[in-house]
């Protein structure tokens, strides 16, 4: 239909006033136009109506002149009002020009576009839905408009569109969701409010299943929880709370896709976001059942760091979730990925937070107890990390690491590997031996059998080429042996070295490595009650052996002789005639001590208490100083104390003491040569620098 036909039905004054700069004139012109269209509608002359709409669109709403555009917009709204129930068939002509005006640079044009579309929507209501996606897109942009009046007009239009959508039966949520998803990560606060408002409204409509599409926009909602605006955070939180409640009441939920989003958000820098995501994960673990099995590793990876969160609420929920997850009896045959969970626990062992490392170890222990065979398949991936964790600064972590190691070390090959690594670690980190050595060794003895641990350590140290380290290590093991309550059974076995095979075998298994330290050897002999051999060892010492380190160790031993560990030895001094080699050994130690030392005074005081009589017929004389000595004029030869009927000086209970003494002397000679070479090297280095 030509423009001429449109002009034939619209007076020139009306057209002129439509483009007037005064709003009142444009408004009056629109009212007259409304009346004209009503008349055309009543006569059914839709051709002329189309001509009028075309004229308004082409000559006015697409005009480069702002006033023309304003007139065209108000004119299109007036046409729609005039059409009333007949308006739907003309919407394809009316709505696009209005939508086009939303992007005009003049804020007043944008304002009147909102006003026009508002009036059009009021008339056509549900027929408006076909343009919903374009209108939504336009409203989304206008919600962030720089002009406050345009924003206000857009809000009014937005409320009307929401009302229309909620009452419409033709709204397509499937077509809407992609639009929503595209805009969920926009940062503009006005747009965010606009989007949350739509999500909330649509979720309130019973016939629209927003929950089914929640994975499409869940991440965006969580993103809004860290918005700088308190109002937006509150709105997002309210929407999320409502969805979580719906999830609890829904029989069918896609937990998997949402779990992936929650895991990512649990690592957010924002505290509120972390708390909300962990709360959701907690509910998912309770509700998700089999659906969540493939996501257990990811969920665990999110929970473990949060266990050490600075915010107490997050720590509490994380611990609860962790306990819930660990209590679930999952089956690898149903998708439970032991390797993936083990990998997460291994990574978290490197966490800077102690609580996280502790829970990671609890998971390893749980997996070993419930899925041992599956865990051992991945052992190479975690074993080195577990071994390094023995150097952790936390005692609690080290104790848990040892429990995991003990569980693994039920297999002999892993036991050997563990002990070898321990010795290697102590060798390369002396501070670890000093600070943690006793803790580690004692705990392993409890978990893995003390005799088994000591035998293995002794076997390794026997062939140790680093003589200085071997000496230090043996001294440490000897001190643990003499003082630790956990090793009382081991001490009891050693006390039976001369009468029982088990005690003898243990004594012999330790002997070779104990040769690296004279004082450790003397302590071992006193513990095993091989007093004659102890005396022989003392007598074999030469000038080079009596150094500061030796005297410090001797000082410690003298103090240990006064502890409950050696109570039996002190009681044996009540029978000096029977335990003559014990007396001789103790006198030998006394002779090695400086007279002014505290240890000398302690031991001399103890020896003064030895009675001058005997419970047998042997006689003990006493010097003028009060120190007793044995008057051995005649009587039977005693090879080892308390056993006067032994005929062989060198053999007792299958122990060849002469051969053992030779072994001790050989190893000590190696130490002397090593010390001399070190002194020579230092001297040579000093000379070369001069």
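If you check residue 117 against the conditions, is it free of Cβ contacts under 8 Å to residues at least 60 places away in the same chain and farther than 29 Å from residue 228 by Cα?
The answer is yes for residue 117.
State yes or no: is residue 160 farther than 30 Å from residue 4 by Cβ and surrounded by fewer than 18 Cβ atoms within 10 Å (Cβ to Cβ)?
Yes: the conditions hold for residue 160.
If you go through segment 254-280 one residue at a time, how many are under 14 Å from residue 296 (Cα atoms) and out of contact with any helix residue (DSSP H, G or I) (no Cβ under 9 Å at 6 or more places or on another chain)?
Residues in segment 254-280 being under 14 Å from residue 296 (Cα atoms) and out of contact with any helix residue (DSSP H, G or I) (no Cβ under 9 Å at 6 or more places or on another chain): 0 in total.
Among (1) surrounded by fewer than 21 Cβ atoms within 10 Å (Cβ to Cβ); (2) touching a helix residue (DSSP H, G or I) at 6+ places or on another chain (Cβ under 6 Å), there is one condition residue 251 misses while meeting the rest; what is its number?
Evaluating residue 251 over (1) surrounded by fewer than 21 Cβ atoms within 10 Å (Cβ to Cβ); (2) touching a helix residue (DSSP H, G or I) at 6+ places or on another chain (Cβ under 6 Å) leaves (2) as the failure.
Can you name the number of the only condition in (1) closer than 27 Å to residue 21 by Cα; (2) part of a helix (DSSP H, G or I) that residue 105 fails?
(2)
Consider residue 179 carefully, then state whether it is in contact with a helix residue (DSSP H, G or I) (Cβ under 7 Å, 6 or more places away or on another chain), free of Cβ contacts under 8 Å to residues at least 60 places away in the same chain and not assigned by TED's automatic domain parsing to the domain that holds residue 57.
yes
If a residue must be more than 16 Å from residue 344 (Cα to Cα) and assigned to a helix (DSSP H, G or I), how many such residues does segment 285-302 contain?
Count: 7.
Do any helices (runs of 4 or more DSSP H) entirely within segment 406-499 hold 1 or more residues that are more than 30 Å from residue 654 (Cβ to Cβ), and if so, which?
Helices (runs of 4 or more DSSP H) meeting the threshold: 412-428, 430-448, 467-483.
When residues of segment 567-597 are filtered for being within 24 Å of residue 481 (Cβ to Cβ), in a helix (DSSP H, G or I) and in contact (Cβ under 8 Å) with a residue 60 or more places away in the chain, how many remain?
Adding up the residues that qualify gives 5.
Looking at 349, 342, 361, 400, can you tell me which residue is modelled with pLDDT of 90 or more, farther than 25 Å from residue 459 by Cα, more than 14 Å from the chain's Cα centre (by Cα) and surrounded by 21 or more Cβ atoms within 10 Å (Cβ to Cβ)?
The conditions single out 400.
Please count how many residues of segment 303-335 are touching a helix residue (DSSP H, G or I) at 6+ places or on another chain (Cβ under 8 Å), assigned to a helix (DSSP H, G or I) and closer than 26 Å to residue 251 by Cα.
The total comes to 11.
Determine whether segment 209-217 contains at least one residue that is touching a residue at least 12 places away in the same chain (Cβ under 8 Å), assigned to a loop (DSSP other than H, G, I, E, B) and buried (at least 18 other Cβ atoms within 10 Å of the Cβ).
yes
Please verify whether segment 207-217 includes one or more residues that are outside the structural domain of residue 164 (by TED's automatic domain parsing) and either touching a strand residue (DSSP E or B) at 6+ places or on another chain (Cβ under 6 Å) or farther than 24 Å from residue 288 by Cβ (or both).
yes
Among the candidates 143, 152, which residue alone is surrounded by 15 or more Cβ atoms within 10 Å (Cβ to Cβ), over 17 Å from residue 95 (Cβ atoms) and assigned by TED's automatic domain parsing to the domain that holds residue 97?
None of the other options fit; the residue is 143.
Restricting attention to helices (runs of 4 or more DSSP H) lying wholly within segment 504-560, give those where 3 or more residues are farther than 22 Å from residue 601 by Cβ and assigned by TED's automatic domain parsing to the domain that holds residue 672.
Of the helices (runs of 4 or more DSSP H) lying wholly inside segment 504-560, those with at least 3 residues that are farther than 22 Å from residue 601 by Cβ and assigned by TED's automatic domain parsing to the domain that holds residue 672 span 518-528, 531-540.
The values are calculated or read from the model by the stated rules, or taken from the named source; none is laboratory data. Source: prediction; values computed, not measured. Please note: Cβ atoms are built from the backbone with ideal geometry, for glycine as well, and neighbour counts cover all protein chains shown.
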